[in-house]
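The next block holds one structure in the form of structure tokens; read it before the comments.
None of the figures in this text is laboratory data; all of them are computed from the coordinates on show. Since the structure is predicted, the reported quantities are computational estimates derived from the model, not experimental observations. Here Cβ is always computed from backbone atoms with ideal geometry, including for glycine, and neighbour counts include all displayed protein chains.
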């Protein structure tokens, strides 16, 4: 565990996340009760953190807990539109990215040095959502991973 181990760790830590995304192992995760599904980079989010608060689904962490991913189906009994659902959640001020359509919303910003991204698709009495938090300083490295996760969110 001498110099060779140290150099290996150093080199691996310098490889950008985007480059790792090309070699990342992805698996589809499905919430059995609602059918919500998303591609998860299981070689990045290696720790299962159990069910999320406030919905049905699953949370995952990176091994160093610097980033987390949540897939959940949130009840939407009034079948609110994505815009109404988002407004009722009272999102924080200062959102840097916001896109709302009749089918989904996606919002993102930075809080306490971490980028958070949330996308929810409207499906009958549920909003199927993916939430991702990661270090803001690594935003560019996470772009490809976040994009694939977001676009894979299905119902």
Pick from 87, 136, 36: which is most flexible by mean-square fluctuation in a GNM of the chain where alpha carbon atoms under 10 Å apart are linked?
87
At 0.36 nm per residue, minus the direct Cα-Cα distance, what do residue 151 and residue 65 gain on full extension? Give it in nm, one decimal, please.
28.6 nm
Over the chain, what is the relative contact order in whole percent, taking alpha-carbon pairs under 8 Å and six or more residues apart?
22 percent
Can you show me the helix-derived [θ] at 222 nm for the chain, built from DSSP H runs with n ≥ 4 at -39,500 (n - 2.57) apiece and divided by the number of residues, rounded to the nearest 500.
-7500 deg cm²/dmol
Calculated from the structure, P(r) over Cα pairs in 5 Å bins from 0, in percent equals which of (i) 2, 9, 11, 11, 10, 9, 8, 8, 7, 6, 5, 4, 3, 2, 2, 1, 1, 1, 0; (ii) 2, 9, 18, 21, 19, 14, 8, 4, 2, 2, 1, 0, 0; (iii) 2, 9, 15, 14, 10, 9, 10, 9, 8, 7, 4, 2, 1, 0, 0?
(ii)
Can you give me the distance in nm between label points at residue 53 and residue 84, each placed 7 Å from the Cα along the Cα-to-Cβ direction?
2.7 nm
What ranking do 89-99, 39-49 get when scored by the average of other Cβ atoms within 10 Å per residue, highest first?
39-49, 89-99
